[in-house]
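Chemist: I'd like to ask some things about the structure below.
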Amino acid sequence: MKVAGLSGRASARHRGTAAAAVLVAVLLGTSASVPILPAVTPNRLTAIAHAIRAGDGRPGWPGGAIPYSWGGGHAERPGPSLGTCRGYRGSIRPCPATRTRGLDCSGLARWVYHLAYGRDVLGPGNTDDHVRRLTKVPARLARPGDLVFYGTVKRRKVRTHHVGVYIGEGKMINALRTGTTVRIDPLTRVRGFAGFFRYL
């Protein structure tokens, strides 16, 4: 069909625009049944991680330095929470986790990704659970916003003990251990580097 007053090329462009408009309308009409994650850039992930490290206020946190708390960040909703003394092996005794509102390493990663994606994409588990939801990327393709894991990650064996948010230049934003706050550390600060992992 030809549109009056349009040349052949303009008519084709008009049809293409109309088809695109119909496609957008169909997608908007069905968005309730199709989960669409927001586009998340590496810059957004690292900006959120830097803001948390700087102590900026966020939903569930009024602001200020966030202390490490064994098991912190694993409440029903992501974000700083009281920790647990179950499985605690830290050097500070008695275990302060049940009276310290804060984050452990996987609680930090979970909260950063929750704020970036708008939903709890990593879930409430530990580092072993989180790494299974991610895809390993070669070091040469690593980019800020990826997660860095420590321990063993193989096809039949996953036993991790730490995670940080990679910010580039060999550094990560990190909830290291009891007695520290969320901070920047070199990737070499923790032993047993297992690689870079990305949420795809």
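What follows draws every value from the coordinates through simple rules; no lab data is involved. Not measured: the values here are computed from a predicted model. Every residue, glycine as well, gets a Cβ built from its backbone with ideal geometry; the counts of neighbours run over all protein chains shown.
Chemist: Considering segment 76-117 alone, what residues qualify as being part of a strand (DSSP E or B) and of a type outside the set (Lys, Arg)?
Modeler: The answer is 81, 82, 102, 103.
Chemist: For the subset of segment 60-74 comprising residues that are in a loop (DSSP other than H, G, I, E, B) and free of Cβ contacts under 8 Å to residues at least 24 places away in the same chain, which member is nearest to the chain's Cα centre (by Cα)?
Modeler: Only one residue tops the list, namely 60.
Chemist: Let me ask something else about it. Would you point out which residue out of 152, 188, 178, 160 is part of a helix (DSSP H, G or I) and either among the β-branched types (Val, Ile, Thr) or in contact with a Pro (Cβ under 6 Å, 6 or more places away or on another chain) (or both)?
Modeler: Of the residues listed, the single one that is part of a helix (DSSP H, G or I) and either among the β-branched types (Val, Ile, Thr) or in contact with a Pro (Cβ under 6 Å, 6 or more places away or on another chain) (or both) is 188.
Chemist: Are any of the residues in segment 111-125 charged (D, E, K, R) and loosely packed, with under 15 Cβ neighbours inside 10 Å?
Modeler: Yes: segment 111-125 contains one or more residues that are charged (D, E, K, R) and loosely packed, with under 15 Cβ neighbours inside 10 Å.
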